[in-house]
Amino acid sequence: MQKNSYSGKFIVIEGLDGSGQSTQTGLLRDFLIKKGQEVILTKEPTRDSEAGKKIKEILDEKIRIEPQKLQDLFAQDRKEHLEKLIVPALKEGKTVISDRYFFSTFAYGAADGLDLEWLIKLNNDFLSSDLIFILKVSPEVCVQRIEKRGEGIKLFEKKEKLEKVWKTYEILPSRFKNVYMIDGEKTIVEVFSQIKDIIKKRR
Ligand code: ADP
Ligand code: MG
């Protein structure tokens, strides 16, 4: 993976659906802006690329596709995301926060039965992020939160899927540098304070 040698920092928040990624990326953006940084908050999959649009239809179950082809689409979307938004912002010295990055491909792709080493290779040419937070929240709690959010999903199937996804997230801190596991079952404020503590320590 390519090291980030641009002047801006690239921070990623990962986790299961419902783990609080959107909540925490938003808090982090506000916090860093108050500290005087220029911040771009973005997320994957994007809605901007052709691949991103196709991914949305697949996730909404409007079309079906093999797991391998789905991850090819994620990689294509990620390539454009980097070229059009992430790298230009980092070059300008902005901090980029992404709600999901290639760690999601590893975790969700492996849960669909794909080989983790193949998934890592597929993302090998992409830029490394400087700091990765994985929000650790049990599939049970994630499903409860999603339920409250009022999404029409098949909750039982969802929980089984999330259990598989977590098996890969769990091993990522030992496999990649700069990956921090955060206890995501605390209150929103407590979860964010763990993130802040790590950011402060690393400066
Ligand atoms: P994600 O983006 O990971 O799917 P969200 O940030 O949208 O998750 O959070 C999912 C739901 O859980 C939202 O309704 C949010 O308000 C709630 N939530 C987020 N973090 C916490 C937390 N630490 N404790 C309780 N509820 C939370
Ligand atoms: Mg979200």
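The values are calculated or read from the model by the stated rules, or taken from the named source; none is laboratory data. Quick caveat: nothing in here was measured; it's all calculated off a predicted structure. Every residue, glycine as well, gets a Cβ built from its backbone with ideal geometry; the counts of neighbours run over all protein chains shown. Each accessible area value is taken on the protein alone, full model and side chains, heavy atoms only, with ligands, DNA and RNA left out. Shrake-Rupley method; radii C 1.70, N 1.55, O 1.52, S 1.80 Å.
Take the conditions (1) open to solvent by 90 Å² or more (accessible area, probe 1.4 Å); (2) touching a residue at least 40 places away in the same chain (Cβ under 8 Å); Arg78 misses just one of them, which is (1).
Just to be sure, is Leu41 modelled with pLDDT under 95 and within 15 Å of ligand 2 (Cβ to nearest atom)?
Details: modelled with pLDDT under 95: no; within 15 Å of ligand 2 (Cβ to nearest atom): yes.
Taking the combined requirement at face value, the residue does not satisfy it.
Kindly indicate the residue of region 83-105 that is hydrophobic (A, V, I, L, M, F, W, C) and crowded, with 20+ Cβ neighbours inside 10 Å and also farthest from Leu135 (Cα to Cα) among those meeting that condition. Steps first, please.
The initial filter retains those residues of region 83-105 that are hydrophobic (A, V, I, L, M, F, W, C), namely 85-87, 89-90, 96-97, 102-103.
Then keep just the ones that are crowded, with 20+ Cβ neighbours inside 10 Å; that gives 86, 90, 96-97, 102-103.
Details: Ile86: 22, Leu90: 24, Val96: 18, Ile97: 15, Phe102: 15, Phe103: 12 Å.
Per the criteria, the residue is Leu90.
Within this structure, Leu114 fails the test of being within 29 Å of Gln68 (Cβ to Cβ), in contact with a Leu (Cβ under 7 Å, 6 or more places away or on another chain) and surrounded by 12 or more Cβ atoms within 10 Å (Cβ to Cβ). Residues of region 13-72 that are part of a helix (DSSP H, G or I), more than 15 Å from ligand 1 (Cβ to nearest atom) and open to solvent by 60 Å² or more (accessible area, probe 1.4 Å): Ile33, Lys34, Glu50, Lys53, Lys54, Lys56, Glu57, Gln68, Lys69, Asp72. The residues of region 1-38 that are touching a helix residue (DSSP H, G or I) at 6+ places or on another chain (Cβ under 9 Å), within 16 Å of ligand 2 (Cβ to nearest atom) and closer than 19 Å to Asp130 by Cβ, listed by number, are Ile11, Val12, Ile13, Glu14, Gly15, Gln24, Leu27, Leu28.
Determine whether region 144-154 contains at least one residue that is within 16 Å of ligand 2 (Cβ to nearest atom), surrounded by fewer than 16 Cβ atoms within 10 Å (Cβ to Cβ) and among the small types (Gly, Ala, Ser). Looking through region 144-154, at least one residue is within 16 Å of ligand 2 (Cβ to nearest atom), surrounded by fewer than 16 Cβ atoms within 10 Å (Cβ to Cβ) and among the small types (Gly, Ala, Ser). The conditions of being touching a Ser or Thr at 6+ places or on another chain (Cβ under 9 Å) and either under 30 Å from Val87 (Cα atoms) or not hydroxyl-bearing (Ser, Thr, Tyr) (or both) are not met by Leu172.
So, restricting to helices (runs of 4 or more DSSP H) that lie completely within region 139-188, which ones have at least 1 residues that are out of contact with any Asp or Glu (no Cβ under 8 Å at 6 or more places or on another chain) and among the acidic types (Asp, Glu)? Walk me through it before giving the result.
On the way: elements: 139-149, 155-169, 172-175.
Where helices (runs of 4 or more DSSP H) fall fully within region 139-188 and carry at least 1 residues being out of contact with any Asp or Glu (no Cβ under 8 Å at 6 or more places or on another chain) and among the acidic types (Asp, Glu), they are 139-149, 155-169.
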